[in-house]
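A short reminder: the numbers here are calculations on the coordinates, not readings from a lab. Values in this document were obtained by computation on a predicted structure and should not be read as measured data. Cβ sites come from the backbone with ideal geometry, for glycine too, and all protein chains shown count toward neighbours.
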Amino acid sequence: MKLLVVGSGGREHALAWALAKSDRVESVLVAPGNAGTANEPKVENIPVGAEDIDGLLELARTAQIDLTVIGPEAPLVAGIVDRFKKHGLKCFGPTASGARLEGSKAYTKDFLQRYKIPTAGYANFSDIDAALKHVETCNIPTVVKADGLAAGKGVLIAHTREEAAAAVNLVMSDRAFGEAGNEVVIEDFLSGEEASFMAIIDGDDILPLATSQDHKARDDGDQGPNTGGMGAYSPAPVIDEAMAERVMAEVMRPTVEGLKQDGEHYTGFLYAGLMIGDDGVPRVLEFNCRMGDPETQPILFRLKSDLVDLIEAALDGELGNVTADWDARPALGVVLAAGGYPDSYNKGDVISGLDADSADNVKIFHAGTKTTGGNTVTNGGRVLCAVALGDSVADAQTRAYNLVDKISWDNVYTRRDIGYRAVAREHV
Ligand code: AMP
Ligand code: GLY
């Protein structure tokens, strides 16, 4: 089989690597990919952008691609799967209408409420005056969210009414996130522990993937600005077997049933971002219509099954007949970022130590990298993710940081405490 992976981040490197391991796969094209995918056996980069749907369609047809797997949300929300299907091409992911679960937070809140799926109390506003009036009386702290896609930046936590009003103005009046701010969701602040629950969906059946947890804040102790994710590990001890069953019963199954009732045949990855409250209730913070980044890197590092088989089963509506087999050992990934991320940062710094992952049970997944003049250089905020398997989370953490410490460039930045909650749990 000939496969195409769309995207250029760490998630896409992990997807391409996992797919290329399949005996059934002859080659994997990645559009546009990064320096890591370029060097992967059986994998080749093609310079077509992840949002250039016409270009990707043309590529899939001329290269006679058997199956396309979409990494990021933007092409899904823009309808890449609808376009590929129309041309008779196999493409894994939800249609534009299914991808609204990520593309519109207001739609998703209404969906969750309609199907009684636990989530924070909320109100949606497309009128700024009504939104400003609401924050005069709503519960504080409160959370103001731009409705549309905002690259993970459109969520503002307000600790006072003034901050809440400023957030509404930033989103709806200043248009800090462009059209994503046509509407806002204002919701109650939830406390608890966050976890990610990802699954493959075939419209009907749900195949849960290994659980995981990421660290969204930039600095140690979960301090500092929010980022796309500074590290992740799998499994997430907060989702033990009983909690996983609760998440399936209270979130995942009602979601797929609700989608079906709405006439939505959702096929693809589905990611539920959850807040597990002190009351033990798993509440939905957000849905993503794709795998998480960096969660995908440790999750797929543990996958023993053939990912192509799982994806094909989902496309054929046969997910109920397959299971996923996981390495019992935990995996932990540390993101190596460019100093300054998520604000401004340098690009083009030469990276050294990239051959440090020749040992077993460790792997450097690339994200913002490219090759210039024989060197691998930084080309984004999140540059690499160093992943290791270990006998415990603590062991995986030690091994991952040993790998991190062999890699360097000017201004490399990492958190030093990825996995600290899980490690603390192992010590009690
Ligand atoms: P989202 O993109 O909706 O997941 O929001 C990004 C991050 O903001 C989440 O990972 C949480 O850390 C935080 N967040 C979002 N909604 C809430 C909420 N209702 N209460 C507390 N934190 C939240
Ligand atoms: N790591 C969070 C996300 O992928 O949305």
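Which distance in nm do the two modelled labels at residue 424 and residue 64 give, with both placed 7 Å along the Cα-to-Cβ direction?
It is 5.7 nm.
For each of 366, 265, 215, 87, count neighbouring Cβ atoms within 10 Å of the residue's Cβ, then give the residues from fewest to most.
87, 265, 215, 366
Just to confirm a number: summing +1 for Lys and Arg and -1 for Asp and Glu over residues other than residue 353 whose beta-carbon lies under 9 angstrom from that of residue 353, what do you get?
-1
Under a cut-off of 27 Å between alpha-carbon atoms, report the lysines in cross-link reach of residue 2, not counting same-chain residues fewer than 8 places apart.
Leaving aside lysines fewer than 8 places away in the same chain, those within reach of residue 2 are 21, 42, 85, 86, 90, 304, 363, 370.
Please give the direction-averaged projected area of the C-alpha convex hull for region 211-277, in square nanometres with one decimal.
Its average projected convex-hull area is 5.8 nm².
Mind giving me the FRET efficiency for residue 346 and residue 140? R0 is 35 Å, r the Cβ-Cβ distance, nearest 0.05 is fine.
After rounding to 0.05, the efficiency reads 0.35.
Considering amide H positions built from the backbone, and no H for Pro or chain starts, which residues 5 or more places from residue 211, or on another chain, come under 5 Å of its amide H?
Under 5 Å from the amide H of residue 211 lie the amide H atoms of 236, each far enough along the sequence or on another chain.
Counting other Cβ atoms within 10 Å of each Cβ, which trypsin sites (Lys or Arg not before Pro) in region 95-200 have at most 10 and sit in a DSSP loop?
For trypsin sites (Lys or Arg not before Pro) across region 95-200 that sit outside H, G, I, E and B with at most 10 neighbouring Cβ atoms in 10 Å, the list reads 116.
Once you sort the root eigenvalues of the Cα gyration tensor of region 324-405 as a ≥ b ≥ c, which label holds: rounded (a/c under 1.5), prolate (a/b larger than b/c) or oblate (the other case)?
Cα axes put region 324-405 in the prolate bin.
Restricting to bridges with both residues inside the chain, how much of the DSSP beta-bridge set is antiparallel, in percent to the nearest 5?
80
Check each of the GluC sites (Glu not before Pro) in region 1-90 and keep only those in coil by DSSP with at most 16 other C-beta atoms within 10 angstrom; list them in order.
Passing both the DSSP loop test and the Cβ count: 26, 51.
Toward the positive end of the charge dipole of the chain, about the Cα centre and with charges on Cβ (Lys, Arg +1; Asp, Glu -1), which of 64, 251, 390 goes farthest?
64
When a footprinting reagent is the concern and you count Cβ atoms within 10 Å, what order do 17, 409, 326 take, fewest first?
Listing 17, 409, 326 from fewest to most nearby Cβ atoms yields 326, 409, 17.
Kindly provide the Kirkwood hydrodynamic radius of the chain in Å, to one decimal, from all pairs of distinct alpha carbon atoms.
About 21.9 Å for the chain.
What trypsin sites (Lys or Arg not before Pro) does region 194-269 have in DSSP loop regions with at most 11 other beta carbons within 10 Å?
When the trypsin sites (Lys or Arg not before Pro) of region 194-269 are filtered for loop state and at most 11 Cβ neighbours within 10 Å, nothing remains.
Using a basic spin-label model with each label point 7 Å from the Cα along Cα→Cβ, how many nm lie between residue 153 and residue 371?
3.2
Calculate the length of the line joining the C-alpha centroid of region 186-261 to that of region 1-75, in whole Å.
Region 186-261 and region 1-75 have Cα centres spaced 26 Å from each other.
Residue 160 to residue 356: FRET efficiency via 1/(1 + (r/R0)^6), r the Cβ-Cβ distance, R0 41 Å, to the nearest 0.05?
0.30
How much length would be gained if the chain were fully extended between residue 219 and residue 242, taking 0.36 nm per residue of separation minus their Cα-Cα distance, in nm to one decimal?
Full-extension gain reported as 5.2 nm.
Between residue 110 and residue 279, what is the label-to-label distance in nm when each label sits 7 Å out along the Cα-to-Cβ direction?
2.6
Tell me, what is the FRET efficiency for residue 26 and residue 169 to the nearest 0.05, using R0 = 35 angstrom and their Cβ-Cβ distance as r?
So, using R0 = 35 Å, E works out to roughly 0.05.
Please tell me the relative contact order of the chain in percent, rounded to the nearest whole number, where contacts are Cα pairs under 8 Å and at least six residues apart.
16
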